[in-house]
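A short write-up of the structure that comes next.
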Amino acid sequence: DDAGRPAGPLAGRRVLVSAGGTREPLDPVRFLGNRSSGKQGAALARAAADAGADVTLVAAHMDVPAPEGARVVSVGSALDLREAMLAEAPGADVVIMAAAVADFRPSEPQASKIKKRDDAADPVITLVRNPDVLVELVQRRNDAEPGQLIVGFAAETGDDASSALDYGRAKLARKGCELLVLNEVGDDATGSERVFGRDSNSVLILARDGEPEHAAGSKDEVAAAVVRRITCELAARTT
Ligand code: CTP
Ligand code: CA
């Protein structure tokens with residue numbers, strides 16, 4: 001009797017998604033942040049839940065509510081996000097790193113509020129590298145859980161040296177994940193912001209081999225396309 005059991009192509013699958021943007025503390029009231037709204041990550045979590053998956057969302061300062069049906073773990077900084085992802089990853093069939101993780105954090109966050117002082121030099125903020133959570137998740141998977149499918153995200157701009165697509169391909173190889181969802185960011189020809197905070201998106205889904213798959217539309221439509229692709233990859237493994 002299947003009554004009450006979730007239906008859908010990802011029924012019985014555990015999907016772990018990170019979303020939003022981390023905040024790196026400077027002092028108790030200030031942080032270094034980024035412009036990620038969490039909309040695309042929330043849409044991915046919703047699409048995975050709609051496909052029947054058991055979804056955990058590791059949420060860093062999202063501007064939008066988490067979708068119903070996802071279990072939410074709230075985090076603040078990149079180090080918090082790392083800890084939550086490494087704790088939740090065991091047993092997940094799919095891990096999606098949609099969060100914008102700060103590459104650097106202030107090396108010495110102050111325990112009390114930084115004050116202006118007339119008798120001392122203006123402060124200088126020194127930064128240190130944050131760990132690469134996606135790379136750590138891939139390493140953990142390779143060591144402990146080879147069947148887990150890991151999906152990264154990248155926002156790239158082209159420049160004189162390379163196209164955004166070439167940077168995306170290089171990043172996919174460097175990270176060691178199976179899929180990389182590539183966004184071209186920056187101002188478009190009309191000067192308006194292309195990705196951050198917007199409701200629509202246009203991406204290329206890159207795999208280690210094969211042609212990139214284009215997906216465009218609302219962030220929900222893009223999320224549905226990414227989840228369809230994930231479903232195909234999982235199906236290809238079990239047959
Ligand atoms: N990522 C991560 N941990 C970090 C930085 C990034 O897990 N400290 C993840 C992001 O969640 C994303 C992927 O890595 O899934 C690519 O992020 P991106 O910022 O494009 O890559 P970086 O390796 O940080 O390279 P860049 O110098 O281009 O920012
Ligand atoms: Ca980065």
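The values are calculated or read from the model by the stated rules, or taken from the named source; none is laboratory data. All values reported here derive from a predicted model rather than from experimental measurement. Methodologically, a virtual Cβ is constructed for each residue, glycine included, from the backbone with ideal geometry; neighbour enumeration extends over all protein chains shown.
Pairs meeting the criteria (first residue in region 136-154 and over 21 Å from Leu79 (Cα atoms) and at pLDDT 95 or above, second residue of a type in the set (A, V, I, L, M) and not in a helix (DSSP H, G or I), beta carbons under 7 Å, at least 6 apart or on different chains) are Gln148/Ala92; Gln148/Val95; Leu149/Val94.
Just for region 185-203: of the residues that are out of contact with any Ser or Thr (no Cβ under 6 Å at 6 or more places or on another chain), part of a strand (DSSP E or B) and surrounded by fewer than 21 Cβ atoms within 10 Å (Cβ to Cβ), which one is modelled with the highest pLDDT? The extreme case among them is Ser202.
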